[in-house]
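Please read the structure below before turning to the comments.
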Amino acid sequence: MNQRAKERTLWRRLADQQWSKYVRLPAPANSYTVTRDVRIPMKDGVELLADVLEPKGPVSGTILVTSPYGYNVLGTAMTGGVFACRGYRTVLVRCRGTFGSGGTFDPFMQEAGDAAGIVAWMREQPWFDGRFATHGYSYLGFTQWAMLMDPPPELVTAVIACTPYNFGAFVHDGGAFMLSTLFEWSFVTTKQEKPLPLRIAAILSSRSRVREALAALPLTGTSSSTSSAAEKLLDGKAPWYREWASRRNLDDPWWKRADLTDALERVRVPVLLQGGWQDGFLRQTLTGYARLAERGLDAALTVGPWTHAEGGAAGTRVLIPEALAWFDKHLAGAGEHLAGSGGRRRATPVKVFVSGPGEGWRDLPAWPPAADERILHPRPGGLLSAQPAQPGEVSEFTYDPANPTPTYGGAFVTQISPGMTAGYTDDSALASRSDVLTFTSDPLTARLEVIGTPVVEVGHSSDNPHADLFVRLSEVDTTGRSRNISDGFTRLAPSSSPGVVRLELDAVAHCFAPGNRIRLIIAGGSHPRWERNLGTDDDPATSTRMRPSHRTIDLSATRVVIPVTPRTP
């Protein structure tokens, strides 16, 4: 390194102290130096920039973090200082095309190649002892999966939080474009290199325009010379948005660079996966853990009650201490790792937070845990019952893309548009809409603990073959207020015949309270979490033509399968 290491500034020391306090760790006893803007050469001649945080005193190991979001004083404390203060050398790399690193930022598409270049550079550093770990949340987790596509022999462990490994599958989750998450993330990213006060002002002053852009059609322009309302707001600074919205075939080789699924088969080191029940990347977190566990890898899983944003805030009070304990065992070799902020030993590979009455953390031997099935059936009159409906009993609704069924809560990632709230929220208003069917159980006579993946089978037909299905389980309290618990969505193939549509909902760990009721919601969409189905065979990215669809739900062929914790004798 040609740059000179410098002592921490007063502001860095304060940020480290406050962050340790926030995540409920003991005050840092050690200090570190910072070497800024270290240049890392890539094979194509581009240079990435990095900051190296070097502990004063014994070094327990090296932790690599790669991010597109830069490292201001607070960001450094959150992603690096928390480790450097505790004896871990931390290398904070800025992704290609961001915050001074060379090249062009092309999100999720270049990380595997750059990961190899970063490791090659580390091997040449005088401080490198031949072993390192990786850490990171969200995009910073994706860069870890990218490295695991070709795991370097020096990598000894990884802690990967709230991220996908197959980005294209997330972009078109359920077969439709994840509109609000991807547009809002793109918009915020175009502002991220502004000074913090200007960045906040730019985002807050644009919230109403973001909402208008999400409601507008088309999603993208029809050519390089035309732009949609969304693209005009992006101001040409997020060219990837058009690609994401337009490329619908996930077998397109274009998506291959963002598909890191093979990393699940190639990783050979211990991996801790962390997620949230209302995080938009939860499905891939759980699927990834299941595959690693199936292979017999030393893998662990923690899932808390958070949205994506909450996991990076309040959730860090569990996730950061847990990561430190994991590194103490697998990188520093300090013995048994401890779980969470409470400091107790991790008794089992899986740790989940169960919400509802008596909520708290639960240790599980595996995911999913053993469960009994509770089956409920929708009945005429809006009842959800243990008794099935009779043949010929149906319910109907019409979905109109000109007035799409709105999003109320759920596991989406960003939320800067006014009127939208991610996570658990009051969704009572859905029951009053004519384009939504609701079926509600009688009050529960005892608590009902649900841990696992609910399934809804819907006997469905439509007069328009271009149709989506959105289903939800909610909990209705004794005052009549409804709150979302778990969602499922699918875009039906136009060639599909009327029949039973099976939807796996988001996994849950929740206890329904005695006296409360279970509600099943069936609708034709959830906009703008997902793009609306326009009801035509036009290109959904560039079209504005809309056609409603009238749905018929065969109640006798529809049921809800809920995984219930087995009763103990």
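The values are calculated or read from the model by the stated rules, or taken from the named source; none is laboratory data. Computed from a prediction, not measured in an experiment: that's the story for all the values here. Please note: Cβ atoms are built from the backbone with ideal geometry, for glycine as well, and neighbour counts cover all protein chains shown.
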Selection count, segment 138-178, where residues are farther than 21 Å from GLY117 by Cα and either part of a helix (DSSP H, G or I) or of a type in the set (Ser, Thr, Tyr) (or both)
10
Hey, ALA15 part of a helix (DSSP H, G or I) and either surrounded by fewer than 16 Cβ atoms within 10 Å (Cβ to Cβ) or at pLDDT below 95 (or both) or not:
yes
Can you list the helices (runs of 4 or more DSSP H) found entirely within segment 222-290 that contain at least 3 residues being surrounded by fewer than 24 Cβ atoms within 10 Å (Cβ to Cβ) and more than 19 Å from the chain's Cα centre (by Cα)?
229-234, 240-246
Which of (1) out of contact with any strand residue (DSSP E or B) (no Cβ under 9 Å at 6 or more places or on another chain); (2) not in a loop (DSSP other than H, G, I, E, B) is the odd one out, the single condition MET546 does not satisfy?
(2)
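Condition check ((1) within 20 Å of LEU383 (Cα to Cα); (2) touching a residue at least 40 places away in the same chain (Cβ under 8 Å)) across all residues:
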{"site": "THR407", "(1), (2)": "no, yes"}
{"site": "ILE416", "(1), (2)": "no, yes"}
{"site": "ALA431", "(1), (2)": "yes, yes"}
{"site": "PRO454", "(1), (2)": "yes, yes"}
{"site": "GLU475", "(1), (2)": "yes, yes"}
{"site": "THR478", "(1), (2)": "yes, no"}
{"site": "ARG481", "(1), (2)": "yes, yes"}
With respect to ALA332, is the statement that it is surrounded by 17 or more Cβ atoms within 10 Å (Cβ to Cβ) and part of a helix (DSSP H, G or I) true?
no
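So that you can scan it fast, the table gives a plain yes or no per residue for (1) under 30 Å from ALA313 (Cα atoms); (2) in a loop (DSSP other than H, G, I, E, B); (3) modelled with pLDDT under 95; (4) in contact with a Ser or Thr (Cβ under 9 Å, 6 or more places away or on another chain):
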site	(1), (2), (3), (4)
PRO388	no, yes, no, yes
PRO404	no, yes, no, yes
ILE416	yes, yes, yes, yes
MET420	yes, yes, yes, yes
THR438	no, no, no, yes
LEU444	no, yes, no, no
Take the residues in segment 181-212 that are assigned to a helix (DSSP H, G or I) and among the acidic types (Asp, Glu), then tell me which one is farthest from SER101 (Cα to Cα).
GLU212
So, CYS85, is that one closer than 20 Å to LEU260 by Cβ, in the same structural domain as ASP37 (by TED's automatic domain parsing) and buried (at least 18 other Cβ atoms within 10 Å of the Cβ) or not?
no
Do the conditions hold for GLY535, that is, is it touching a Lys or Arg at 6+ places or on another chain (Cβ under 6 Å), among the small types (Gly, Ala, Ser) and in a loop (DSSP other than H, G, I, E, B)?
yes
Return a yes/no flag: does segment 296-308 have any residue that is assigned by TED's automatic domain parsing to the domain that holds THR348, in a loop (DSSP other than H, G, I, E, B) and modelled with pLDDT under 95.
no
ARG519 fails exactly one of (1) under 13 Å from VAL471 (Cβ atoms); (2) not in a strand (DSSP E or B), namely (2)
With GLY535, GLY524, GLY499, GLY488 as the choices, which residue is in the same structural domain as GLY423 (by TED's automatic domain parsing), of a type in the set (Gly, Ala, Ser), surrounded by 20 or more Cβ atoms within 10 Å (Cβ to Cβ) and farther than 27 Å from GLY276 by Cα?
GLY535
Kindly indicate whether ASP506 is in contact (Cβ under 8 Å) with a residue 60 or more places away in the chain, under 30 Å from LEU364 (Cα atoms), among the charged types (D, E, K, R) and touching a Leu at 6+ places or on another chain (Cβ under 9 Å).
yes
With the condition kept exactly as written, say whether any residue in segment 137-155 is touching an Asp or Glu at 6+ places or on another chain (Cβ under 7 Å), among the small types (Gly, Ala, Ser) and outside the structural domain of TYR69 (by TED's automatic domain parsing).
yes
Single condition VAL354 does not satisfy, out of (1) modelled with pLDDT of 95 or more; (2) in a loop (DSSP other than H, G, I, E, B):
(2)
